[in-house]
Amino acid sequence: MTRVFIPSIFLIPVFLLLGGVSTSYAESSEGGGSGGIGNGDVYVGAYYPIPGTGEWASFDTGIPTNPREFKYEPKCFEGDVGNIVCLNENERVCSAGPRGKLVYWFARLKESGNPWTLMDPPNPSCIYAEKPRDIGDQIRETILTEFQSRPIVPGTLSLQPSPHTLIGAHTNFYVDASEQVFDFVMLEQSIRIIARPSEYEWDYGDGAVYGPASQSGGPLPADRWGEETATSHVYRTTGDYQASVSVYFSAEYSINGGPMVPIDGRATVPSAPAIISVWKSDSRNVADDCLVNPAGYGC
């Protein structure tokens, strides 16, 4: 004999307003063996997800306050062998917890003896032999690692003047880094991460560093090269130096198009290094006329 369950009064909005498409937590002692999920059997103390919150709540099926009674039947029940969608979707749809099963929900008035009516809309939902772990919690635990593993495009480092500069003069450094968007699937949920450059750490190659700082710098017109800027640097000795900048990206993420949530942590992305040759200038007073003496000093 198929048994039915009677939801408590606060379950009415779940089934009447949502048409029975909410996921429920259930366990059967018949039809599926000990601890299995059978046909039309829900026990007292089940769980269901609160729509739109990602949270789970419990209800007691033993309080007779609802005028209707309910039962479920497995979606891939015997005889439904032609339902290819069911067979393909079973594991994907019911993966929030162990032993998830797709079922259809039916309802009728209590003690009416009327035929069971498929809930409207007739969408299948999941029942579980254990309370599923919250997917949002699992995503929050690993979202920083996922963010830091994204292929973030590094900033582009530029120097003025380059590839040569003068000792004792200000060499202007700036980096071009942009906002980046990553869309991917994680735990069968659609995730979007938006990463934005937030700070910069400069390594001028001669032992001097600057930052992390919020200044990304910017280009100067050629007639202003040598001016001091927020990110410029003065080399005190000649030689070839390898300069670089690391860009710190902060990010936020959303799940299935929901609100954006800040990620607690950053990704550090180094730029490709740039080689700068530091020269010295030498000034002398000369009396030669280069037209008269082309071999004179400075000619």
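The values are calculated or read from the model by the stated rules, or taken from the named source; none is laboratory data. The shown structure was predicted, so the numbers you read here are calculated from the model rather than taken from an experiment. Every residue, glycine among them, receives a Cβ derived from its backbone with ideal geometry; neighbour counts consider all protein chains shown. Ligands, DNA and RNA are excluded from the accessible area calculation, which covers all protein heavy atoms including side chains. Shrake-Rupley method; radii C 1.70, N 1.55, O 1.52, S 1.80 Å.
Based on the mean of other beta carbon atoms within 10 Å per residue, what is the order of 212-218, 245-251, most packed first? Working shown, then result.
Numbers: 212-218: 15.6, 245-251: 23.3.
Output ranking for 212-218, 245-251: 245-251, 212-218.
Order 219-229, 261-271 from most to least packed using the mean count of other Cβ atoms within 10 Å. Kindly include the intermediate steps, with their values, before the conclusion.
Values: 219-229: 12.5, 261-271: 15.5.
Ranking, from highest mean packing down: 261-271, 219-229.
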Taking only protein heavy atoms into account and a 1.4 Å probe, give the accessible area per residue of region 146-281 in Å².
-> 52
Residues of region 239-255 with amide N under 12 Å of a point placed 7 Å along Cα→Cβ from Thr268 = 246-249
Expected unfolding gain across Ile167-Asp137 under the 0.36 nm per residue rule, minus the alpha-carbon gap, is 5.3 nm
Taking a crude spin-label model, label points 7 Å out from Cα along the C-beta direction, the Phe184 to Thr156 distance in nm is 2.5
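What FRET efficiency comes out for Val209 versus Asn293 if R0 is 30 angstrom and r is the Cβ-Cβ distance? Round to the nearest 0.05.
Details: r = 49 Å, r/R0 = 1.63.
It comes out at approximately 0.05.
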Using label points projected 7 Å from each Cα along Cα→Cβ, tell me how many nm separate Val234 and Leu144, to one decimal.
-> 4.0
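Hey, can you rank 157-167, 180-190 by average C-beta count inside 10 Å, highest first? Intermediate results must be reported in sequence, preceding the final value.
On the way: 157-167: 17.2, 180-190: 12.5.
The most tightly packed comes first, giving 157-167, 180-190.
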For region 122-225, just say rounded, prolate or oblate: build the C-alpha gyration tensor, square-root its eigenvalues into a ≥ b ≥ c, call rounded for a/c under 1.5, and beyond that prolate if a/b exceeds b/c, oblate if not.
-> prolate
